[in-house]
Every structure is written in structure tokens, then in C-alpha cells.
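The values are calculated or read from the model by the stated rules, or taken from the named source; none is laboratory data. Note that the structure is predicted; figures quoted are calculated from it, not measured. No Cβ is skipped: glycine too gets one built from the backbone with ideal geometry, and neighbour counts run over all protein chains shown.
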Amino acid sequence: MEFDLPCWKGHSNLCKDLLNKLLNKDPKIRITLDSALNHAWFKDVDFNDKTGMINKKNASTIFKQKKLNMTGNSDFKSAQKEREATT
């Protein structure tokens, strides 16, 4: 997979690496779900092994930030500041 379009410019190399591994056409080479969840892109996210839910609030925030950064949403910081101001 090539990431040469402008829409991919702001995405991390870790994000692109994970996508390449998830979208590999060869099922023998394609990354497994467990391996994907252990990928470095998820390194700060603490998942509950039984439920698959994110355990820690801080890790949840980090994951949401990564997810929003992946979609190019630049409003994350302002939304996070508003949320922190109300808590």
C-alpha cells in the first residue's frame, strides 16, 4: 500500500505500518488480531483482556487522540481542553 497522497501526510509511520499489516492480501502474512493489538501504535493503550475495553482513562484519551489524528481532526486539543476544564 502506498501513502503518497496528501491526505496521508499527517499520519504517523506506525499508523501506516499497522494499516499495511492489516490490509495484506496474503492471509499467511497478514497480521493477526492479537498481534495488531500489540502493535507499537497501541503501546499506550491498556485493554482489558476479557472485554476488549480500554482500562485507564489516560490510555483512553491517548487512544482517542491517535484515532482522531488518524482522521485528521484538528479539533481534538480544543475539545480535550474543554473536557478537562469541566472535570
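Couple of notes before you dig in:
- The stretch 1-53: number of residues that are assigned to a helix (DSSP H, G or I) and either at pLDDT below 85 or not polar (S, T, N, Q) (or both): 18
- Scope the stretch 4-19; condition closer than 24 Å to residue 65 by Cβ and exposed (fewer than 14 other Cβ atoms within 10 Å of the Cβ); matching residues: 5, 6, 7, 9, 10, 12, 13
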